[in-house]
Amino acid sequence: MNETNHSSSGKNLVSGLSYGPFSVVRLVVATIAIFAMATILMYQWTYANHIFLGVKAAGLDLGGYTREEAQAALIAHFDRYARIPITLSYGAKRWETTPAELGFRFDVERTVQDAYSVGRSGDPLSRLLAQLDALRFGRTVIQPAISFNKMAQKAYLASLAEQIDQPTINASLTIQPDLSVKVTPAQAGRKLNIDKMAKIIEESLLSLSPQNIELVVEENPPSLVESDLAEAKGLAEKILSTPLQLRFRNQTWTIERKEVASWLLFRERKEDGQVKGLTVELDEIRLRKLAENLAKEINREPVDARLAFNKGRLSVIREGADGLRLDVAATVKEIKAQAPSDNHTLELPVTVIRPKIASEDKDRLGIKELILETSTEYGFPGALAERNYNIELAASRLNGIVLAPGDVFSFNKEVGEVSKRTGYKVGYAITQQDGNAITVPSEGGGICQVATTLFHTVFWAGYPVVERSWHFYWIPRYGWPPHGLKGLDATIDQTYDKNGNLVYALDFKFKNNTGNYVLVQSWTDGKNLAFALYGVKPNWEVRVEEPKIENVVKADTNLIEQPDPTLPEGKKIYVEHAEDGFKATIVRTVLQGGRVVDKHTFVSEYRPSRNVVLVGTKKP
């Protein structure tokens, strides 16, 4: 019984110490796990301050490097790369440079930190897997931290652009100093695309492998090349072949080739919006200026004949003359048309203008009788010699004028410029100063008496007065009978600029409103000035009412001595007599067959005048 129990116990003991198949597996697994864990712990302990194996950056295996070692290796690596020659090319041109010159920059510390971080970020499993992946496959590549110095890059590319860029230049024509026509060659335009090149360079350098780079250059071909200008060149040469000659009658103006060359304009000729060549033109502005200058030499107004009526017969006292007028626009047009031809001689387009009154017309004008004659006295005692001279000169310049039916006579036009330039002397005239009428030295002083005398003649003859002005103060001798009335006078005035251009005028005008020619005749005898109208006496009646005098202002009769720096010292001239101011109204009515054909009211307002003696102050 006891034996049996003993044996049974031994069997169980052996059974408890034996191993089954599953127990062995578990033991092996446990052992491997322990070994793996120990290995991992040993691996992490070994590389606690090193980059894990298999980590690469910029082609370098950094596994096992400390951060300091990795940084040193990368600095050496990138320093060598930054100095590797790179060739930039365009056509046959080459430029050697380096990544450093192209703005290449590398952040070593950041790259090392990125490499060191592999297997050290994320949860424990992620870190372990990253470590095992790098260890097993050795392909964990860290993108190096690269940047570019944009300013250095753009500066380098800009320096290349200065060597490459060139503007697009079309072929052109130029006139040489010897007046030959030269074709300037065309040039294709080029421009380095700096922005695009910057992007290409950056992409190339990021690969960290030296290579040649083809520059991106945009080319722009010219729209005109030399062969396009052959026709225009031949035309310009023909224009400049000989001088240009402009003729009129026996006058010739030669325009030398050099001046013609300055007129040439070359303009682009387009077809369907495309430039096909050049046209050759003459500068129209310059041509017009030339034509206008020629017109100043050629043009002249027609001159009417001046006639005299004596004992029932007409005689010519001044021959008429044709006028001439150059057609400026036609001249420009004809020069432009003629210059490109073989014939460089041009007859100028000048129109001959016949005068209204030609010398040969005198016998058909129908001037056969006296219409009216009036006169005024100018050679009175004390009258200035200069004044008398001016009156006689102005009267002579109005003598013999013939007015055609419908013509308007203008005193200023017919007498011409009244100044020293035209032969007049300094007399005295009435003007206004500070609201007062005063007598002052004036070129042509005294000719208002000529206007007044003619006005009397026209007034009593019944012709319409178109324009008339009165004096600032009344001059009594203009009212003397038989044709003078108080308030019946006329004044004229002319003001010229320094170039002789009329800028202001008071004029006396009347109209020949009949169907017959009217001759204006004037003469002087040293004492009296006379005007007469000849033609066919109008069958009308002239009625004149007595002057209506009102608004009388008494004159100051005190004697006033007025200094005159133009007179010799001490010389005295009595130039103004005290007369009352007043308003005069005169009504003239012209009747024909009992019907009023013209009724005009002549109103004159005079200021009071003074007794004025001019006293010379001019030193000898």
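Computed from the coordinates by the stated procedures, all read-outs in this text should not be read as laboratory data. This one's a predicted model, so the numbers in the text were calculated from it and none came from an experiment. Using ideal geometry, Cβ is built from the backbone for each residue, glycine included, and neighbour counts are taken over all protein chains shown.
Worth a mention:
- Residue-count net charge about residue 52 - beta-carbon cut-off 12 Å; Lys, Arg +1, Asp, Glu -1: +2
- Cα lying deepest toward the dipole's positive end in the range 492-600, options 501, 531, 552, charges on Cβ: 531
- Relative contact order (percent, whole number), the chain, Cα cutoff 8 Å, 6+ residue spacing: 8 percent
- As computed over the range 251-348, the Cα convex hull volume per residue (Å³): 138 Å³
- Net charge dipole, the chain: roughly 400 debye, given to the nearest 20, about the Cα centre with Cβ charges of +1 for Lys and Arg and -1 for Asp and Glu.
- Two-decimal log10 I(q)/I(0) for the range 355-459, as the Debye equation yields it once each C-alpha is a single scatterer, q = 0.12 Å⁻¹: -0.52
- Each other residue within a Cβ distance under 11 Å of residue 618 adds +1 if Lys or Arg and -1 if Asp or Glu, for a net charge of 0.
- The reciprocal of the average 1/r between distinct C-alpha atoms defines the Kirkwood hydrodynamic radius, which for the chain equals 37.3 Å.
- Qualifying aspartates and glutamates (Cα of each under 15 Å from Cα of residue 571; at least 8 residues distant if same chain): 561
- Reachable aspartates and glutamates from residue 618, criterion Cα separation under 12 angstrom, eight or more residues apart if same chain: 564, 569
- Checking the Cα-Cα distances for 191/276; 413/509; 356/420; 289/336; 486/509; 233/276 against a 18 Å cut-off, the pairs over it are 191/276; 356/420; 486/509.
- Three-way shape label, the range 84-176, alpha-carbon gyration tensor, a/c 1.5: prolate
- For the range 60-141, the set of GluC sites (Glu not before Pro) satisfying both a DSSP loop assignment and a count of at most 10 other C-beta atoms within 10 Å is empty.
- Helix 21-46 axis versus longest C-alpha principal axis of the chain: approximately 50°, rounded to the nearest ten.
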